[in-house]
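Reading through the structure tokens given below for one structure.
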Amino acid sequence: MNQLIFILKGNIVFTPKPDQFVVYDNSYLISCNGIVTQISQTLPDEYKNYEVSDYENKLIIPGFVDLHTHASQFNQRGLGLDLQLLDWLNEYTFKEESRFHDPSYAISVYEAFAEEVIRQGTTRVVIFATIHKESCRLLIEILTRKGIGAYVGKVNMDCNCPESLQEDTDQSLKDTEELIRTWGDNPLVRPIITPRFAPTSSKKLLAGLGKLAEKYKLPVQSHLSENENEIAWVARLFPEQREYHRVYEHYQLFGQTPTLMAHCVHVTDKCVSGIRENGVIAVHCPDSNLNLASGIMPVRKLLDADVQVGLGTDIGAGHSLSMVQALVKAIQVSKVSNDPACGKPLTLAEAFYMATKGGGQFFGKVGSFEPGFACDALVVDPCIAPGAAFTSLEKLQQFVYTGSSENIISRYCNGKKIKISQ
């Protein structure tokens, strides 16, 4: 088999560790068949005959990884954000998601969503779709065609929701398994088990989803401890489990296979221990938590407990698909929280790590330029003012805080260029 050699040249910056930026100025990033093999300051002789994409003084950084967002809520960004979670779901989200029974509407929204994901420099994304099997299939096809790495979840809910979205339990499980069988071997975009959250899931549905996750060795995603009213609702519905996280744990949906739990705002010590012991990844979604007045994830408490934390944009409660905005907001809220549990603020290196390698670990070796990692990369022109003498790390800092998607001039996933519509 012919080896596909791919070489980028520029100022390479990434975070192999949470507290450490590594910079290779004027260097070559070399990959074979989409996998990084080495970084070299001079081009090795064996690669002299291969084409080099020379980006000169521009930055080369890992592609961003968004661990939690709702593609079906793309059109409702910015709407209803004076409300809190449960009212917001009923007044806006459930009405919007009901429209996805129409494949033509799903195509229009999902095409626009995917283009914005690309534009913002996200090369890997974990997505909630809706309950609709056909629309979910269309989303998988669109992402695959565009070259975005993703997990896509057909949402499951069979109670405590509007009639237009309430599934028959057996049919919900059947539709989910059909999608798994069809798309489970797709190397780029794969299914993920997705109970919306415990309150809209019967015990039979949760048990069935846990069995599917185990049968097909599939990852799981859901929501955990986002809003105080939500937590109280879960306690009424599942009194035998005593704590929110134990509901998922009881039904084999909490670390038995790789698991993402979004929000984790109001977490007890027992919950934090459960997250850590089960190897669950907590996904920090600062925009949506602020917009819906849910609270602030105690990130430092989770990190100090050896919990892995990633970042998510969580549209439409979040109002932007920009992972740069998400990582900046994560830093900012960590600086203003009055909760002692929040501890010392996040550093830029820590937040950047969460948005790249930290989140990328859910996909395997993703989010870094160490040998053996997928060559997911962004080329960034920070457009520094003439005469400014900034280091590469300072250019990255300025891009993160003052740049936009317009500064991203090229995007790659697995060493393949992702095209963006103009």
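The values are calculated or read from the model by the stated rules, or taken from the named source; none is laboratory data. Note that the structure is predicted; figures quoted are calculated from it, not measured. Here the Cβ is made from the backbone with ideal geometry for all residues, glycine too, and neighbour counts use every protein chain on show.
Pull up segment 318-344, narrow it to residues that are modelled with pLDDT of 95 or more and in a loop (DSSP other than H, G, I, E, B), then point me to the one that is farthest from P382 (Cα to Cα).
Within segment 318-344, the match that is farthest from P382 (Cα to Cα) is H319.
If you take the residues in segment 46-93 that are closer than 25 Å to P219 by Cβ and more than 19 Å from the chain's Cα centre (by Cα), which one is surrounded by the fewest Cβ atoms within 10 Å (Cβ to Cβ)?
Taking segment 46-93 as the starting set, the residues that turn out to be closer than 25 Å to P219 by Cβ are 62-74, 85, 89, 93.
With more than 19 Å from the chain's Cα centre (by Cα) added as a condition, the list becomes 85, 89, 93.
On the way: L85: 22, L89: 24, T93: 20.
By that ranking, first place goes to T93.
Would you tally the residues in segment 116-138 being within 16 Å of the chain's Cα centre (by Cα) and closer than 20 Å to P195 by Cβ?
Kept after step one, since they are within 16 Å of the chain's Cα centre (by Cα), are these residues of segment 116-138: 116-129.
Narrowing the set further to residues that are closer than 20 Å to P195 by Cβ leaves 125-129.
Matching residues across segment 116-138 total 5.
If you check Y353 against the conditions, is it buried (at least 17 other Cβ atoms within 10 Å of the Cβ), more than 28 Å from R300 (Cα to Cα) and of a type in the set (F, W, Y)? Give the derivation first.
Working: buried (at least 17 other Cβ atoms within 10 Å of the Cβ): yes; more than 28 Å from R300 (Cα to Cα): no; of a type in the set (F, W, Y): yes.
Considered against the rule, which asks whether it is buried (at least 17 other Cβ atoms within 10 Å of the Cβ), more than 28 Å from R300 (Cα to Cα) and of a type in the set (F, W, Y), Y353 comes out as no.
Output the residue which, of all residues in segment 406-422 that are in contact with a Leu (Cβ under 8 Å, 6 or more places away or on another chain) and among the hydroxyl-bearing types (S, T, Y), is surrounded by the fewest Cβ atoms within 10 Å (Cβ to Cβ).
S410
What tally of residues in segment 34-84 results from selecting those that are under 28 Å from S392 (Cα atoms), outside any loop (DSSP other than H, G, I, E, B) and touching a residue at least 40 places away in the same chain (Cβ under 8 Å)?
Result for segment 34-84: 20.
Quick check on segment 143-199: of everything there that is exposed (fewer than 15 other Cβ atoms within 10 Å of the Cβ) and among the basic types (K, R), which residue is nearest to K365 (Cα to Cα)?
R145
Any chance segment 237-257 includes a residue that's on the phi > 0 side of the Ramachandran plot, modelled with pLDDT under 95 and among the charged types (D, E, K, R)?
Of segment 237-257, the ones on the phi > 0 side of the Ramachandran plot are 242, 252, 255.
With modelled with pLDDT under 95 added as a condition, the list becomes 242.
With among the charged types (D, E, K, R) added as a condition, the list becomes 242.
The answer is yes; a qualifying residue exists.
Specify the residue that is surrounded by the most Cβ atoms within 10 Å (Cβ to Cβ); the eligible residues are those in segment 374-399 that are within 18 Å of the chain's Cα centre (by Cα) and of a type outside the set (D, E, K, R). Lay out the reasoning, then the answer.
Going residue by residue through segment 374-399, those that are within 18 Å of the chain's Cα centre (by Cα) are 374-378.
After this cut, where a residue has to be of a type outside the set (D, E, K, R) as well, the list is 374-375, 377-378.
Values: A374: 26, C375: 26, A377: 28, L378: 24.
Here the answer is A377.
So, in segment 405-416, exactly how many residues are on the phi < 0 side of the Ramachandran plot and either without any contact (Cβ under 8 Å) to a residue 40 or more places away in the chain or not in a strand (DSSP E or B) (or both)? Quick ask: steps written out before the conclusion?
Residues of segment 405-416 on the phi < 0 side of the Ramachandran plot: 405-413, 416.
Add one more test, that the residue is either without any contact (Cβ under 8 Å) to a residue 40 or more places away in the chain or not in a strand (DSSP E or B) (or both), and what stays is 405-407.
Residues meeting the conditions: 3.
Please list, ordered by residue number, the helices (runs of 4 or more DSSP H) wholly in segment 181-276 having 2 or more residues that are of a type in the set (A, V, I, L, M, F, W, C) and either in the same structural domain as C413 (by TED's automatic domain parsing) or under 23 Å from the mean Cα position of the chain (by Cα) (or both). Write out each step before concluding.
Numbers: elements: 203-216, 228-237, 244-250.
In segment 181-276, the matching helices (runs of 4 or more DSSP H) lie at 203-216.
Within segment 244-258, is even one residue polar (S, T, N, Q) and in contact with a Leu (Cβ under 8 Å, 6 or more places away or on another chain)?
Checked segment 244-258: at least one residue is polar (S, T, N, Q) and in contact with a Leu (Cβ under 8 Å, 6 or more places away or on another chain).
One residue is enough: does segment 158-177 have a residue meeting the conditions without any contact (Cβ under 8 Å) to a residue 24 or more places away in the chain and within 18 Å of D102 (Cα to Cα)?
Yes: segment 158-177 contains one or more residues that are without any contact (Cβ under 8 Å) to a residue 24 or more places away in the chain and within 18 Å of D102 (Cα to Cα).
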